[in-house]
Amino acid sequence: MKSASRIVFVILLLVIARPVSATIRYRISLKNPEQHFFRVSMEIPVNESDRDIIVAIPVWNALYQVRDFAYRVYNVRATNSSSPSDFLSIQKLDKQTWKVSLSAGSPSHSAIVTYEIAWNDPGPFNSQLDADHAFVNFAEVLMYLPNKRAEDTSVEFDDVPSGWHVAAELPGTPDSNSFSAASYDALVDAPAELGAFDEFAFDEAGAHFRVVVTGKGWRSDRLETDFHRIVNYEIGMMSGPPFRAYTFFINLGTYQEVGGGGMEHSNCTAISAPSVESAATIAAHEFFHAWNVKRIRPQTLEPVDFTREMYTRALWFAEGVTSTYGAYTLERTGLWDKNQFYGDLAEQISELDSRPAHTWQSVEESSLDAWLEKYDDYRQPDRSISYYNKGQLVGVLLDLAIRDATDNHKSLDDVMRRMNDVYAKQGRFYDDSNAVQAIAEEIAGVKFDDFFRRYIAGTDDIPYQDFFHAAGLDLKIETVKAAEVGFWTIGHGPGMPVVVSQVAPGTSAEAAGLKSGDTVVAINGQAVARNLQAWARDRSPGEKIRVTVRRDDKNVDVTFPLGRIDSRKFSVVETSSATEKEHRIREGWLKGTTN
């Protein structure tokens, strides 16, 4: 009885020590959305002993790029909640940090920091406020207290336009348009969509799924069917969902209108795509992130540091192998047929082969250099490879190697499930490539030192046929005449002008008068493709194109035929002489089964 009394007393002390008023409360006003300003109020509980409060805004979020959101911040002010007209002293300490000095002798339960922040950038990696809708990546909009990131938070939207709804994968509160989170980190891992969107829902494996759709021209039956297949397969493969509820935020339109791609979060994903079909392709990748990277997470990305770059060698696995499973999911659910899957695999090989940088930059180094991707010159083929691209390939090859070593009794699927059990479910983080290699060796019962040394940490040419042979596959290579645009551009980020950085000497582009420094407005009357070299591969040498450029404050049309270069074309085909084992491995690989 005496022990029970002590327990009650301790519980009471804990409750008293952390009152409800400790919650850090945000209010975001959407008044006059056409002005593109989020107006933020941040209520910060203070103690009598507090003299100063430090607030900051992250320098990065969503992309592995330092984007310095502070440059968007206007008019930072602070007041004492007990005396709203009493403005507190604010000192800016660096580009993203402010110190608020509390008034001595003026007791208050909280300080109120207010500011405005401008955002009107489309896409899942940004935030946007316009007359049609709002999309909020909270880490790009909300300041935080560096020493109180673990405190309870709440966010409420004010001045929401008539007819708009609010969706966020966060617990709701009794207040209208309000949500709560256990910490700042939990809050910023769940974006919000506001507008006159459509939505539907379905349940799978005990979890509830919500699909929030903005944009026109979508068919709910097709979208629901595709997403249900993706969810069903990936949850089944990973032996159950790691959440009770999940939201897909889908923004449909052209890439130029909405910014293409997807951004993963623990219990939701945001996707921008030009069509239902492309949205499903992106979703197959992004949904798998609910396990790989959000829960199966490298130690080098924890804890999140919002003040600087965070370097990791593991993006080839976190992103690239997630792309492996994106392709697997599409094929194994029937959203792709077998030939589409083989075609995508061949395209990935072509992409890596076409980048001269593959001879000197490893996929681990590409992971480390992710923070350079905001620079156009870095993304040039002779400067870098993609950890998405090569990571997807080495994921496929590691899978085939495991199946070969175990007579198709084990696969990469077993590696992912084991990583989930050993790390994600135990709240642990893995040691980059070393941990992946250790788990793969545990599953396969063989050493992979050579594989990881040569193809992950190293830059050896990949002997694809050695791996494909295990599944009764051949890699065909032929030299073909391919189209070449003859110039390179920079500036493909959202809202950035696309500028000609270099015109290749002796090309028809040079002969036609295209110049370095020209701003490309359109090609054949259409928006400029993000990857011009890939765009050219779908055209024929000699085909005439019309490049509209802005030069000397005038639009000028430059017309010329596409050039001609020798290019290697790859294709993956099934062999007619496959053995019984090779047949079993191929079927298991395509269907996601073992025996």
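The values are calculated or read from the model by the stated rules, or taken from the named source; none is laboratory data. Note that the structure is a prediction, hence the values are computed from the model and not measured. Neighbour counts are summed over all protein chains in view; Cβ atoms, including those assigned to glycine, are modelled from backbone coordinates with ideal geometry.
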Filter region 433-447 down to the residues that are of a type outside the set (A, V, I, L, M) and buried (at least 19 other Cβ atoms within 10 Å of the Cβ), then identify the one that is farthest from the chain's Cα centre (by Cα). 437
Selection count, region 19-61, where residues are modelled with pLDDT under 95 and polar (S, T, N, Q): 4
Determine which member of the set 47, 75 is on the phi > 0 side of the Ramachandran plot and either in a loop (DSSP other than H, G, I, E, B) or surrounded by fewer than 17 Cβ atoms within 10 Å (Cβ to Cβ) (or both). 75
Those residues of region 23-44 which are in a strand (DSSP E or B) and either within 22 Å of residue 147 (Cα to Cα) or in contact with a Ser or Thr (Cβ under 7 Å, 6 or more places away or on another chain) (or both) amount to 24, 25, 26, 27, 39, 40, 41, 42, 43, 44
Within region 234-242, does at least one residue satisfy the condition of being of a type in the set (S, T, N, Q), modelled with pLDDT of 95 or more and either part of a strand (DSSP E or B) or surrounded by 21 or more Cβ atoms within 10 Å (Cβ to Cβ) (or both)? no
Could you tell me whether region 326-337 includes any residue that is closer than 30 Å to residue 59 by Cα and either touching a helix residue (DSSP H, G or I) at 6+ places or on another chain (Cβ under 8 Å) or surrounded by 22 or more Cβ atoms within 10 Å (Cβ to Cβ) (or both)? yes
Test set (1) surrounded by 15 or more Cβ atoms within 10 Å (Cβ to Cβ); (2) outside any strand (DSSP E or B); (3) modelled with pLDDT of 95 or more; (4) not small (Gly, Ala, Ser) - residue 224 fails condition number: (3)
Candidate set: region 348-366, residues that are touching a strand residue (DSSP E or B) at 6+ places or on another chain (Cβ under 8 Å) and assigned to a helix (DSSP H, G or I); chosen: the one modelled with the lowest pLDDT: 350
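Yes or no: residue 51 farther than 16 Å from residue 121 by Cα and touching an Asp or Glu at 6+ places or on another chain (Cβ under 6 Å)?
no
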With criteria (1) more than 23 Å from residue 311 (Cα to Cα); (2) assigned to a loop (DSSP other than H, G, I, E, B), residue 428 comes up short on (1)
Tally time: how many residues in region 392-407 are among the polar types (S, T, N, Q) and buried (at least 23 other Cβ atoms within 10 Å of the Cβ)? 1
Determine which member of the set 375, 342, 430, 423 is of a type in the set (Phe, Trp, Tyr), surrounded by fewer than 20 Cβ atoms within 10 Å (Cβ to Cβ) and over 22 Å from residue 475 (Cα atoms). 375
I'd like the full set of residues that are in contact with an Asp or Glu (Cβ under 7 Å, 6 or more places away or on another chain) and either under 15 Å from residue 26 (Cβ atoms) or free of Cβ contacts under 8 Å to residues at least 60 places away in the same chain (or both), limited to region 132-174. 149, 156
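To keep it simple, each residue is scored yes or no on (1) touching a residue at least 40 places away in the same chain (Cβ under 8 Å); (2) in the same structural domain as residue 437 (by TED's automatic domain parsing).
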position: 459; (1), (2): yes, yes
position: 485; (1), (2): yes, no
position: 489; (1), (2): yes, no
position: 500; (1), (2): yes, no
position: 510; (1), (2): no, no
position: 517; (1), (2): no, no
position: 531; (1), (2): no, no
Hey, does region 392-412 have a residue that's under 22 Å from the mean Cα position of the chain (by Cα), in the same structural domain as residue 352 (by TED's automatic domain parsing) and closer than 25 Å to residue 303 by Cβ? no
Test: residue in region 78-91 that is loosely packed, with under 15 Cβ neighbours inside 10 Å and either in contact with a Cys (Cβ under 6 Å, 6 or more places away or on another chain) or among the aliphatic types (A, V, I, L, M) (or both): no
Residue match in region 266-279 (condition: in contact with a Leu (Cβ under 6 Å, 6 or more places away or on another chain) and either among the polar types (S, T, N, Q) or farther than 25 Å from residue 138 by Cβ (or both)): yes
Qualifying position, being of a type in the set (Phe, Trp, Tyr) and free of Cβ contacts under 8 Å to residues at least 24 places away in the same chain, among 423, 387, 378: 378
Among residues of region 160-184, those that are within 21 Å of residue 143 (Cα to Cα), touching a helix residue (DSSP H, G or I) at 6+ places or on another chain (Cβ under 9 Å) and surrounded by fewer than 20 Cβ atoms within 10 Å (Cβ to Cβ), counted: 1
